[in-house]
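Undergrad: Sharing a structure, written as structure tokens. Questions coming.
The values are calculated or read from the model by the stated rules, or taken from the named source; none is laboratory data. Not measured: the values here are computed from a predicted model. A quick note on method: Cβ atoms are made from the backbone with ideal geometry, for glycine too, and the neighbour counts reach across all protein chains shown.
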Amino acid sequence: MKFSAFFGTALLATATIAAPLTEQRQARRSLNRKSNPPLKPGTTEAIRLNGTSHEEYSSNWAGAVLIGTGYTAVTAEFTVPTPKLPTGASSSEQYCASAWVGIDGDTCSTAILQTGIDFCIQGSSVSYDAWYEWYPDYAYDFSGISISAGDVIKLTVDANSKTTGTAVVENVTTGKSVTHTFNGGVDGDLCEYNAEWIVEDFESNGELVPFVDFDSVTFTSASATKGGSSVGPSGVTLIDIRQSSSVLTSSSVSRNSVTVNYL
């Protein structure tokens, strides 16, 4: 549920090319950029996954969700994709998606601890941004980390309690790592019910942003901490994005990886 805003005050770390609309990003909060829970296609109603292994469809989430109790950390690595304009896309519009790992946000609606990377393209300009969030607060950008296509990024969220924790983005390729620590005073308590590996079509000004062609994102070395023990993504509920009767992604899972393909 990324209340970050790709165009606003607190997102946006670095990019292969300087991210467009930088001045507009300074007003992120006023632009009402946010993420949502997984929504039923064609509605604003949230899906509440039931923990079975069958696939669900959402208008904004693709990937894998573990449902249970006692999830306190989630991690994975992925290779940063090169975003491309979808077939028939307008070169004047910006197309985006976000890859993230998180705790809660589906069967727990009070909070979500997450961190991830946005990847966007407008015309020939490609940008990447790293962020962290404790929903329902907004997301905030990491500074001091550069991201390029082909870099291997490791994402980790770790809850020390239901109101404290850390978010870490590490560029494994360059050796640079950034961390944000939440020391309490957050707006909502975690439930520790969900662990997620997600590619998202986020929202700006009340509408989903045009969804970018990212080819494929594979979360490798994907694991969660449940009750003090490490677990993989087997047993997840898979979820894919369907918009206007078109299925835009195909997600799959193995013992320690989650793959989301753009169709």
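Undergrad: Scan segment 117-129 for residues that are part of a strand (DSSP E or B) and either more than 15 Å from the chain's Cα centre (by Cα) or aromatic (F, W, Y) (or both) and report the count.
TA: Narrowing segment 117-129 to residues part of a strand (DSSP E or B): 117-122, 125-129.
The next check asks that each one be either more than 15 Å from the chain's Cα centre (by Cα) or aromatic (F, W, Y) (or both); those that pass are 119, 121-122, 125-128.
So the answer is 7.
Undergrad: Since Y132 meets every condition but one in (1) more than 17 Å from the chain's Cα centre (by Cα); (2) surrounded by 18 or more Cβ atoms within 10 Å (Cβ to Cβ); (3) closer than 17 Å to F78 by Cβ, which condition does it not meet?
TA: All conditions are met except number (1).
Undergrad: Can you name every residue in segment 166-178 that is assigned to a strand (DSSP E or B) and without any contact (Cβ under 8 Å) to a residue 40 or more places away in the chain?
TA: We begin by selecting, within segment 166-178, every residue assigned to a strand (DSSP E or B); these are 166-171, 176-178.
Listed by number, the residues that qualify are T166, E170, N171, K176, S177.
Undergrad: Only one of (1) part of a loop (DSSP other than H, G, I, E, B); (2) loosely packed, with under 14 Cβ neighbours inside 10 Å; (3) of a type in the set (S, T, N, Q) is not met by N256, so which one is it?
TA: Among (1) part of a loop (DSSP other than H, G, I, E, B); (2) loosely packed, with under 14 Cβ neighbours inside 10 Å; (3) of a type in the set (S, T, N, Q), N256 violates only (2).
Undergrad: Follow-up question, since we're still on this one. Check whether at least one residue in segment 170-189 is modelled with pLDDT of 95 or more, crowded, with 23+ Cβ neighbours inside 10 Å and not hydroxyl-bearing (S, T, Y), and report yes or no.
TA: Within segment 170-189, not a single residue is modelled with pLDDT of 95 or more, crowded, with 23+ Cβ neighbours inside 10 Å and not hydroxyl-bearing (S, T, Y).
Undergrad: If a residue has to be farther than 23 Å from K162 by Cβ, buried (at least 20 other Cβ atoms within 10 Å of the Cβ) and of a type in the set (V, I, T) to count, how many in segment 39-70 make the cut?
TA: Adding up the residues that qualify gives 1.
Undergrad: So the check is Cβ under 6 Å with 6+ separation or different chains; which pairs have a first residue in segment 55-69 that's under 24 Å from V209 (Cβ atoms) and a second one that's assigned to a strand (DSSP E or B) and of a type in the set (S, T, Y)?
TA: A62/T249; A62/S251; G63/S251; V65/T237
Here's the yes/no breakdown for (1) of a type outside the set (F, W, Y); (2) assigned to a loop (DSSP other than H, G, I, E, B); (3) touching a helix residue (DSSP H, G or I) at 6+ places or on another chain (Cβ under 9 Å); (4) at pLDDT below 90:
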| site | (1), (2), (3), (4) |
| --- | --- |
| P41 | yes, yes, no, no |
| W100 | no, no, no, no |
| S109 | yes, yes, no, yes |
| L113 | yes, no, no, no |
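Undergrad: Restricting to segment 72-96, count the residues that are aliphatic (A, V, I, L, M), part of a loop (DSSP other than H, G, I, E, B) and at pLDDT 95 or above.
TA: Going through segment 72-96, the residues aliphatic (A, V, I, L, M) turn out to be 73-74, 76, 80, 85, 89.
Checking the rest, the ones that are also part of a loop (DSSP other than H, G, I, E, B) come to 80, 85, 89.
Narrowing the set further to residues that are at pLDDT 95 or above leaves 80, 85.
Here the count works out to 2.
Undergrad: Among the residues of segment 202-232, which ones are among the charged types (D, E, K, R), more than 18 Å from A159 (Cα to Cα) and at pLDDT 95 or above?
TA: Going residue by residue through segment 202-232, those that are among the charged types (D, E, K, R) are 203, 207, 213, 215, 226.
This time we only want the ones that are more than 18 Å from A159 (Cα to Cα), so: 203, 207, 213, 215.
Matches in segment 202-232: D213, D215.
Undergrad: Here's something else I'd like to know. Kindly provide the set of residues from segment 179-208 that are touching a Phe, Trp or Tyr at 6+ places or on another chain (Cβ under 6 Å) and either β-branched (V, I, T) or free of Cβ contacts under 8 Å to residues at least 40 places away in the same chain (or both), ordered by number.
TA: So the first thing to find is which residues in segment 179-208 are touching a Phe, Trp or Tyr at 6+ places or on another chain (Cβ under 6 Å), and the list is 180, 182, 186, 192, 195, 197-198, 200-201.
Result: V186, I198.
Undergrad: Next up: Quick check on my filter: what residues within segment 131-145 are part of a strand (DSSP E or B) and not aromatic (F, W, Y)? Please lay out each step first, then the result.
TA: Start the filter on segment 131-145 by keeping residues that are part of a strand (DSSP E or B), which leaves 131-135, 139-141.
Scanning segment 131-145 gives E133, A139, D141.
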